[in-house]
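Since the structure comes first, as structure tokens, the remarks are kept for the end.
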Amino acid sequence: MNSIDSISKTFQEKFHRQPLIFIAPGRINLIGEHTDYNEGFVMPASIDKHMVFAIAPNGNSRCNIFAQDLEEGVTFSVQDAVPGETWVNYLMGVLDAFERRGLPVGGVDCVFGGNIPAGAGLSSSAALCSGFGFALNEIFNAKATLLDLARIAQYSEHEFAGLKCGIMDMYASLFGQKEQALLLDCRSNTHELLPVQLKGYSLLLIDTKVKHTLASSAYNDRRASCEEGVRIIRKQYPQVHSLRDVTRVMLYEHQDQLGEDTFIKCLFIVEEIERTQKAGEWLKKGDLRSFGNLMYETHWGLSQAYEVSCEELDFLVALAEEEKDQIIGARMMGGGFGGCTINLIATDRIGAFSEKIKANYFATFKKEPDFYPVNIAEGVHQLKD
Ligand code: GLA
């Protein structure tokens with residue numbers, strides 16, 4: 001039985017009626033890392049790994065939720081909403097955001113689960129919040145737009161899970177389209193759809209299985225360094241609101257005031273914003289090799305300048321780079337400190353390369369990596385028959 005049927009069945013057994021079914025995908029990011037909270041560009045896409053929600057209104061104000069994969073159930077209403085780092089807090093955050101925005105919302109019965117590996121950097125939490133928000137919006141006819149729902153999901157991450165993330169993950173889950181990447185401008189929060197034609201290449205994620213416990217505080221620190229850079233440069237250039245407005249010239253002018261660390265971090269972001277726009281041009285021209293070269297550049301920038309990589313991620317990218325004629329692009333993906341690399345690899349090389357990685361990775365780190373071939377799939381939607 002696939003996950004949709006089994007989640008729907010669990011719902012019927014627990015709540016004795018037919019649910020509505022919603023699908024919320026995880027995301028990859030082709031390029032443009034740590035640029036979203038700097039009002040820059042990113043290039044994510046929603047994928048064929050998703051959360052499934054079987055859900056229906058229950059006529060009172062309580063939410064009865066069952067997480068099928070964890071076999072955990074919980075009941076809460078909006079008054080119970082508290083911050084924390086479990087799946088329950090994320091959902092509470094979404095409900096709280098509806099209430100604060102004055103959107104009509106009521107209690108629901110819900111069973112959810114899916115196949116997005118948690119902690120691998122595929123944004124399972126964004127899928128959770130986006131999918132739940134989308135479902136509430138449909139059920140209670142709250143008339144929130146997709147962008148409102150992205151902001152609601154982001155509010156939950158910020159205020160309930162304590163990660164001061166940008167908007168990329170939830171935006172990608174909500175706006176994604178089959179076989180298209182989103183060139184998302186995180187200043188205007190609008191996107192251009194770019195067809196992804198892989199022509200004999202595939203997207204392969206390799207999971208380091210590393211979960212860095214300090215990842216969210218390190219992430220918030222990076223964000224603070226960027227804000228500090230803006231604060232200093234703004235004194236001379238009041239028109240600067242974010243690193244999106246900052247040029248290399250401005251950075252070099254302020255090199256001493258910024259201090260070495262902030263300077264290097266801000267320079268990486270300014271370059272990454274440019275690189276992402278350039279990558280968009282290569283994708284439009286169908287030049288995957290030039291696109292892939294930029295992925296490698298991004299990786300080493302994230303590793304050496306922005307310092308959000310780790311030994312395991314660098315190891316995987318270095319092995320890919322040894323076979324650059326076949327693995328034409330590779331880099332760490334997402335916030336960093338663990339999670340996956342994304343590889344643009346000749347499809348017929350996947351088997352042999354995976355074997356090579358498995359052996360070498362195990363010999364070095366005594367851990368088995370995981371491999372996820374991914375396709376770009378439709379964003380959050382209701383399944384209708
Ligand atoms: C995490 C955050 C995103 C983004 C990436 C880095 O996935 O949730 O908002 O900042 O890291 O690009």
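Just a few scattered comments:
- Evaluated at q = 0.09, 0.10, 0.16 Å⁻¹, a Debye calculation over the C-alpha positions of the range 201-374 (equal weights, vacuum) places log10 I(q)/I(0) at -0.36, -0.44, -0.96.
- For the range 1-108, a/c is not less than 1.5, where a ≥ b ≥ c are the root eigenvalues of the C-alpha gyration tensor, and a/b does not top b/c. That puts it in the oblate class.
- Protection proxy ranking of 23-29, 157-163, by the mean of other Cβ atoms within 10 Å over each peptide's residues and highest first, is 23-29, 157-163.
- Value of D in µm² per second that Stokes-Einstein yields for the chain, Kirkwood Rh from Cα pairs, at 37 °C (0.692 mPa s): 153 µm²/s
- Euclidean distance of C-alpha centroids, the range 161-190 and the range 223-238, integer Å: 24 Å
- Residue-wise HN-Hα couplings along the range 235-241, as the Karplus relation 6.51 cos²θ - 1.76 cosθ + 1.60 with θ = phi - 60° gives them from phi, are 4, 8, 10, x, 6, 7, 10 Hz; Gly and Pro carry x.
- Residues with amide H under 5 Å from that of G114, placed H, sequence gap 5 or more: V52, D69
- Once the Cα-Cα distance is subtracted from the 0.36 nm per residue extended length, the E85 to E13 segment shows a gain of 23.1 nm.
- Radius of gyration (Cα atoms) of the range 105-248, expressed as a multiple of 2.2 N^0.38 Å: 1.24.
- Efficiency of FRET from Cβ geometry, S217 and N293, R₀ 51 Å, rounded to 0.05: 0.95
- The P(r) of the range 3-194 has a tail past 29 Å containing 17 percent of all C-alpha pairs.
- Cα long-axis angle, helix 124-139 against the chain (0 to 90 degrees, to the nearest 10): 40 degrees
- Based on Cα contacts under 8 Å between residues 6+ apart, the chain shows a relative contact order of 23 percent.
- Amide hydrogen proximity for R62: with H placed 1.01 Å from N in the peptide plane, the residues at 5 or more positions away or on another chain lying under 5 Å are G107.
- Using θ = phi - 60° in the Karplus curve 6.51 cos²θ - 1.76 cosθ + 1.60, the 3J(HN,Hα) couplings for the range 310-320 round to 8, 3, 5, 5, 4, 4, 5, 6, 5, 5, 5 Hz; x is entered for Gly and Pro.
- Degrees separating the helix 3-15 axis from the principal Cα axis of the chain, which is the longest one: 30 degrees
- Stretching K278 away from A118 to a fully extended chain increases their span by 54.5 nm, per 0.36 nm per residue minus the current alpha-carbon distance.
- Other residues lying with their Cβ under 11 Å from the Cβ of T35 contribute a combined charge of -4, Lys and Arg counting +1, Asp and Glu -1.
- Annotation for E323 and D48: the two label points, set 7 Å from Cα along the Cα-Cβ direction, are 2.2 nm apart.
- Alpha-carbon radius of gyration plus Dmax, which is the widest Cα pair, for the range 111-186 in Å: 12.3, 34
- Low-density loop positions, GluC sites (Glu not before Pro), the range 32-80 - DSSP coil, at most 11 other Cβ in 10 Å: E71
- Label point distance in nm, H241-K356, each placed 7 Å from Cα along Cα→Cβ: 4.7 nm
- In this label model, R248 and E260 are separated by 2.2 nm, measuring between points 7 Å along each Cα→Cβ vector.
- Loop-located trypsin sites (Lys or Arg not before Pro) across the range 318-370 with a Cβ neighbour count of 16 or fewer within 10 Å are K324, K366, K367, with loop assigned by DSSP.
- Among the listed pairs K178/K285; K284/K324; K164/K284; K211/K358; K324/K356, those whose Cα-Cα separation exceeds 25 Å are K164/K284.
- Sequence-distant residues sharing a close amide H with K211 (under 5 Å, placed H): none
- Between the alpha-carbon centres of the range 298-348 and the range 9-83 there is a gap of 29 Å.
Each value in this text was obtained by applying a stated rule to the coordinates, not by laboratory testing. As the structure is a computational prediction, the values presented were derived from the model and not from experiment. Here the Cβ is made from the backbone with ideal geometry for all residues, glycine too, and neighbour counts use every protein chain on show.
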